[in-house]
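Notes to accompany the following structure.
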Amino acid sequence: MAKKLNVLELFAGVGGFRVGLENSNPDLFKTKWMNQWEPARKSQDAFEVYNYHYPDSININENVEEIPNEVFDKMNADLIVGGFPCQDYSVARSKKLEMGIEGKKGVLFWQIIRSVSHIKPKYLILENVDRLLKSPSSQRGRDFAIMLAAFNSLGYSVEWRVINAAEYGRSQRRRRVFFFVYRNDTSFAKKMDKKFDNITSDELFNEEMYDDYIFNEGLFARQFPIEKKPYKSRRASYTLSEDIVEVSDNFTGTVWNTGIMRNGKYFTIDTEPTKEETPITLREIVQSEKDIDESFYLNDETKLERFKYLRGPKKINRVSANGHEYVFSEGSMSPYDSLDLPGRTMLTSEGSVNRSTHFLKVNNRYRLLTPIEAERLQDFPDNWTKYKKTSTEDQVEVGNRMRMFFMGNALVTGIVKRIGDELTKLV
């Protein structure tokens, strides 16, 4: 096993990847650099929380687009990690507003490619919303195919899997696509070459070999077991053009929730988890009543009625921007979240009153999630986001609404830990 892997954490937020990797193997994973920048915000709260916990790394608080190539050239990172901004792919945006890889935040993917071209790391672990695989709605799968083609052009292979954290023993029903990207001259890639040695760019796909990778040999297969057959026999394969513009203009393929891209070919299957692991329920993560401030309880009848309306069924007459009249329909939700189920996906709006906000009924009293409970849903330590360190080295307490925003923007660190556990065996 390697003595250590130097890590660069991009789009670091409050340090979710670092928490997960260090929970996996603190001796192997050494985060030496990070970058976190929130545009259009004077206060860089997430960066300051990260800086409070991890003052030992080189913490860069500037727009990643403005980091000079020379800075990346000096980084001897073995592993780049990051949950790159997903607003342009997220279901939180309407299809009308989606921009995909062309959006202001979607284009930040190219900063990952720029960093890779200069640093040439052995591995990357990336995360995004699962809708990325179907973006944009007008040419489904194109954005992801562009990403695959970009990594292929730099000499990397990509393995991906959509993972619902609750299906693998965690406390949140959060679906995210994870990428494991590895350079084609690593020992793991060479091992895979032996399995793929009779496949050339001119040959048809060997489904049996690709199936073996996806179901048994891949990093995700080992840590996140799936049923050993495609769901509804859904599978697809595609040969990527070496011209990324060609991929962008003419892609017509399909991308399912699991797949592998090697040497310009991708093979993808729609898979199902084995569901052998029991998720953690909300009941198991909620705080003791004595520890909860009264401000989290909803005693105002007006607010209770507001939640009843938001979570109830609706049919509302609306008029579009071009004058078209239509009926907006919305089905009903449970009046409050079941304590016997894992939590729903948290959004960045968790700290406000809206339809997606978690709404609990505990001991016949209604309340919202606390920041500590939100941290537990993402597998962070309690009070991880309570304090930040400002540019003047002052320790400042973070407001509750901002703490909830952090967690809605974070990732389940327990999933990252398991990816780290498997990567430890491969390096």
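Observations on the structure shown:
- Residue that is within 30 Å of TYR182 (Cα to Cα), hydroxyl-bearing (Ser, Thr, Tyr) and in contact with a helix residue (DSSP H, G or I) (Cβ under 7 Å, 6 or more places away or on another chain), where the choices are THR252, THR271: THR271
Residues are listed down the side, and each one gets a yes or a no for (1) surrounded by 15 or more Cβ atoms within 10 Å (Cβ to Cβ); (2) at pLDDT 95 or above; (3) not assigned by TED's automatic domain parsing to the domain that holds VAL129:
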position: GLU375; (1), (2), (3): yes, yes, yes
position: PHE380; (1), (2), (3): yes, yes, yes
position: THR392; (1), (2), (3): no, no, yes
position: ASN400; (1), (2), (3): yes, yes, yes
position: LYS417; (1), (2), (3): yes, yes, no
position: GLU422; (1), (2), (3): yes, yes, no
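- From the options ASN69, ASN61, ASN51, residue that is of a type in the set (S, T, N, Q) and surrounded by 21 or more Cβ atoms within 10 Å (Cβ to Cβ): ASN51
- Residues satisfying the stated conditions in region 18-44, i.e. under 20 Å from LYS389 (Cα atoms) and either in contact with a Phe, Trp or Tyr (Cβ under 9 Å, 6 or more places away or on another chain) or among the polar types (S, T, N, Q) (or both): ARG18, VAL19, THR31, MET34, ASN35, GLN36, TRP37, GLU38, SER43, GLN44
Residue-wise test of (1) modelled with pLDDT of 95 or more; (2) assigned by TED's automatic domain parsing to the domain that holds SER137; (3) in a loop (DSSP other than H, G, I, E, B); (4) closer than 21 Å to ARG175 by Cα.
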{"position": "TRP256", "(1), (2), (3), (4)": "yes, yes, yes, yes"}
{"position": "PHE307", "(1), (2), (3), (4)": "no, no, no, no"}
{"position": "ILE316", "(1), (2), (3), (4)": "no, no, no, no"}
{"position": "PHE328", "(1), (2), (3), (4)": "no, no, no, no"}
{"position": "ASP340", "(1), (2), (3), (4)": "yes, no, yes, yes"}
{"position": "ARG355", "(1), (2), (3), (4)": "no, no, yes, yes"}
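- Cβ-Cβ distances below 6 Å connect the following pairs, each with a first residue in region 209-238 that is touching a residue at least 40 places away in the same chain (Cβ under 8 Å) and over 14 Å from TRP160 (Cα atoms), a second residue that is crowded, with 17+ Cβ neighbours inside 10 Å and aromatic (Phe, Trp, Tyr), and a separation of six or more residues or different chains: TYR238/TYR266.
- PHE296 passes every criterion in (1) over 30 Å from the mean Cα position of the chain (by Cα); (2) closer than 22 Å to GLY343 by Cα apart from (1).
- Those residues of region 155-171 which are in a loop (DSSP other than H, G, I, E, B) and either surrounded by 22 or more Cβ atoms within 10 Å (Cβ to Cβ) or touching a Gly at 6+ places or on another chain (Cβ under 9 Å) (or both), in sequence order: GLY169, ARG170, SER171
- Matching residues, region 258-272, being touching a Pro at 6+ places or on another chain (Cβ under 8 Å) and in a loop (DSSP other than H, G, I, E, B): ASP270, THR271
- Going through (1) under 24 Å from LYS194 (Cβ atoms); (2) under 24 Å from the mean Cα position of the chain (by Cα); (3) crowded, with 17+ Cβ neighbours inside 10 Å one by one, ARG222 falls short only on (3).
- Search result, residues across region 268-325 that are free of Cβ contacts under 8 Å to residues at least 40 places away in the same chain and of a type in the set (Phe, Trp, Tyr): TYR309
- Given (1) more than 24 Å from GLY399 (Cα to Cα); (2) surrounded by 13 or more Cβ atoms within 10 Å (Cβ to Cβ), index of the condition LEU360 fails: (1)
- Whether a residue is surrounded by 20 or more Cβ atoms within 10 Å (Cβ to Cβ) and on the phi < 0 side of the Ramachandran plot was assessed, and SER135 passes this test.
- Of the strands (runs of 3 or more DSSP E) lying entirely inside region 361-427, the ones with 1 or more residues being farther than 27 Å from LYS303 by Cα and polar (S, T, N, Q) are found at 395-397.
- No other residue among SER320, SER241, SER295 is modelled with pLDDT of 90 or more and either among the charged types (D, E, K, R) or not assigned by TED's automatic domain parsing to the domain that holds GLN223 (or both) apart from SER295.
- First in region 346-363 and over 18 Å from SER295 (Cβ atoms), second anywhere and part of a loop (DSSP other than H, G, I, E, B) and of a type in the set (Ser, Thr, Tyr), Cβ under 6 Å, 6 or more apart: LEU347/SER356
- The numbered conditions (1) surrounded by 10 or more Cβ atoms within 10 Å (Cβ to Cβ); (2) assigned to a helix (DSSP H, G or I) are all true for LYS275 except (2).
The values are calculated or read from the model by the stated rules, or taken from the named source; none is laboratory data. None of the values given here were measured: they were computed from a predicted structure. A quick note on method: Cβ atoms are made from the backbone with ideal geometry, for glycine too, and the neighbour counts reach across all protein chains shown.
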